[in-house]
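Following: one structure in structure tokens, then a few remarks.
The values are calculated or read from the model by the stated rules, or taken from the named source; none is laboratory data. Treat the numbers as computed from the prediction; the structure is a model and nothing was measured. Here the Cβ positions follow ideal geometry from the backbone for every residue, glycine too, while neighbour counts run over all protein chains shown.
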């Protein structure tokens with residue numbers, strides 16, 4: 001009898017984890033859950049699952065931070081991003097970090113089960129609209145955008161995206177578990193590196209590149 005795929009769920013919303021568990025729990029073996037970067041790293045290294053369903057936006061550094069910490073320590077574990085975001089930066093960022101796929105939370109239960117199985121078998125899986133982002137990024141189509149984005153640290157990119165979406169400094173601080181002063185410092189660095197004057201210019205810059 002074939003053993004079920006062993007899965008860890010990583011999402012900062014307990015209701016989302018409960019929903020995913022309800023949708024796929026009969027088809028896979030869910031061996032752990034986590035709600036932030038630190039707990040995700042711990043549970044992934046402890047359980048060494050076949051597949052991690054990884055949210056992109058997490059307290060403590062985001063999904064990319066989980067990938068950076070785990071990808072070499074659990075070489076047989078494969079990562080599938082499951083996010084509400086369909087921003088090109090998010091997709092390309094986690095793929096560069098080592099994720100094997102990226103699907104949005106509009107996916108159905110049966111589709112997600114199929115995606116997990118395919119990832120476990122070594123395939124790559126992307127929601128149709130998102131595959132183009134990956135092709136552009138790895139064939140030079142997004143080189144100009146990447147050159148500008150590469151000036152920013154991963155944390156600065158997270159702050160940039162939230163500010164561009166209209167979050168207040170206080171809301172960004174709460175979302176990323178930072179102090180307001182630290183958020184202000186990151187925003188100043190982003191504006192300086194991108195040679196922009198204010199958050200309104202930043203929003204236009206990010207929108208033009210489909211980052212929000």
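Name the single residue that is surrounded by the fewest Cβ atoms within 10 Å (Cβ to Cβ) among those in region 96-111 being in contact with a helix residue (DSSP H, G or I) (Cβ under 6 Å, 6 or more places away or on another chain) and over 16 Å from residue 158 (Cα atoms). Quick ask: steps written out before the conclusion?
So the first thing to find is which residues in region 96-111 are in contact with a helix residue (DSSP H, G or I) (Cβ under 6 Å, 6 or more places away or on another chain), and the list is 97-98, 100-103, 109.
Adding the requirement that they be over 16 Å from residue 158 (Cα atoms) leaves 98, 100-103, 109.
Working: 98: 17, 100: 21, 101: 25, 102: 30, 103: 21, 109: 15.
Among those residues, the one meeting the criterion is 109.
Among the residues making up region 7-30, those that are part of a strand (DSSP E or B) and within 20 Å of residue 56 (Cα to Cα) are 7, 8, 9, 10, 30.
Evaluate region 135-150: report whether one residue or more is within 14 Å of the chain's Cα centre (by Cα) and either at pLDDT below 85 or surrounded by 13 or more Cβ atoms within 10 Å (Cβ to Cβ) (or both).
The first filter runs over region 135-150 and keeps only residues within 14 Å of the chain's Cα centre (by Cα), leaving none.
No; the residues of region 135-150 include none that is within 14 Å of the chain's Cα centre (by Cα) and either at pLDDT below 85 or surrounded by 13 or more Cβ atoms within 10 Å (Cβ to Cβ) (or both).
Could you check, for region 76-89, whether at least one of its residues is over 19 Å from residue 127 (Cα atoms) and outside any loop (DSSP other than H, G, I, E, B)?
no
Tell me which residues, restricted to region 49-68, are surrounded by fewer than 24 Cβ atoms within 10 Å (Cβ to Cβ) and more than 16 Å from residue 100 (Cα to Cα). 57, 59, 60, 61, listed by residue number.
The requirement of being assigned by TED's automatic domain parsing to the domain that holds residue 10, assigned to a helix (DSSP H, G or I) and at pLDDT 95 or above is satisfied by residue 116.
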